[in-house]
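Values quoted throughout were computed directly from the atomic coordinates according to the rules given, and no laboratory measurement underlies them. Everything numeric in this text was worked out from a predicted model, so none of it was measured. When we count neighbours, we look across all protein chains shown, and the Cβ atoms used for this are built from the backbone with ideal geometry, even at glycine.
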Amino acid sequence: MSKIQNAFKNGKAFIPFITCGDPDLATTAAVVRSAVAAGADLIELGIPFSDPTAEGPVIQAANLRALSGNVTTDSIFELVRELRKDITIPFVFMTYANVVFSYGSERFISTCKEIGIDGIILPDIPFEEKEEFLPLCTRYDVDLISMIAPTSKDRIAMIAKEATGFIYLVSSLGVTGVRSEITTDLASIVEVIRANTSVPCAIGFGISTPKQAAKMAGISNGAIVGSAIIKLLEAHGTDAPRHIGDYVKSMKDALLPL
């Protein structure tokens, strides 16, 4: 069984997203540890990229802040090596195909295996083009996480049948960012996913409040939050870890059974 599925074995999973290197890697390490202590079940680590097409302005700005601090893929690999000395919950990278290509796909994915990265999410690679990476991911036992969007329609069953690790269900059309309300009929999408796979499904994009997280996890196996956490980093900088810890606890508490 994929290590990623351990994140879902004790109920609904809370998955925070953190852009590595915003504002610096020492703060990233502290944020990860704070989030884990507060109950995070899996951590999504963003490798910054200059053209993050799936991201809204909040995470775009975090990418630029990190890149302006000269964060590199190698320095992020070293960060993960350090975190793995005391953290055992699953980690996944979220980044873009060009980051992997420019590093060397096999070198990148084999290093993921070596340092303890359990999966990668590449939002700019459509399902039909995943064969560029899937054989390497399979060889090195790194899950290539599938994304399903409201526009996937007839492709939902096909994507679900071949999914590994977990399925990232995108809540809304457009890019990442806080939304006041999520109105997509996600329950019907999850129903199709459930009919085609036992792989867990977590919902992301637009979730920012405990109420939203509870609603989304009620439909699926968990909730993913990025922009709301990045906003705390933007507001508090190197003092953000304790604020993010409090936020993660409030979100995780909302997912616990009454």
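Annotations
- Computed [θ] at 222 nm, deg cm²/dmol, the chain (DSSP H ≥ 4; -39,500 (n - 2.57); rounded to nearest 500): -13000 deg cm²/dmol
- Cross-link reach is defined here as a Cα-Cα straight distance under 12 Å, omitting same-chain residues fewer than 8 places apart; for Lys211 the aspartates and glutamates meeting it are Glu181, Asp253.
- Taking the Cα centre of the range 74-224 as reference, the dipole from Cβ charges on Lys and Arg (+1) and Asp and Glu (-1) amounts to some 440 debye.
- Candidate lysines for bridging to Lys113, where Cα separation is under 18 Å - those fewer than 8 sequence places away on the same chain excluded: Lys3, Lys85
- Neighbourhood charge, 12 Å Cβ-Cβ cut-off, centred on Arg65 and excluding it, Lys, Arg +1 and Asp, Glu -1: -3
- Based on Cα contacts under 8 Å between residues 6+ apart, the range 16-78 shows a relative contact order of 46 percent.
- Between Ser75 and Arg33, the contour length at 0.36 nm per residue exceeds the Cα-Cα span by 13.3 nm.
- Of the cross-linked pairs Lys130/Lys231; Lys12/Lys130; Lys215/Lys249; Lys9/Lys215, those separated by over 22 Å at the C-alpha level are Lys130/Lys231; Lys12/Lys130.
- Considering only Ala254, Met147, Ile244, the residue lying farthest towards the positive end of the dipole of the range 115-258 is Ala254, judged by Cα position with unit charges set on Cβ.
- The chain: relative contact order in percent, alpha carbon pairs under 8 Å with at least 6 residues between: 26 percent
- In this simple spin-label approximation, Arg139 and Lys85 carry label points 7 Å from Cα along the Cα→Cβ vector, and these lie 3.2 nm apart.
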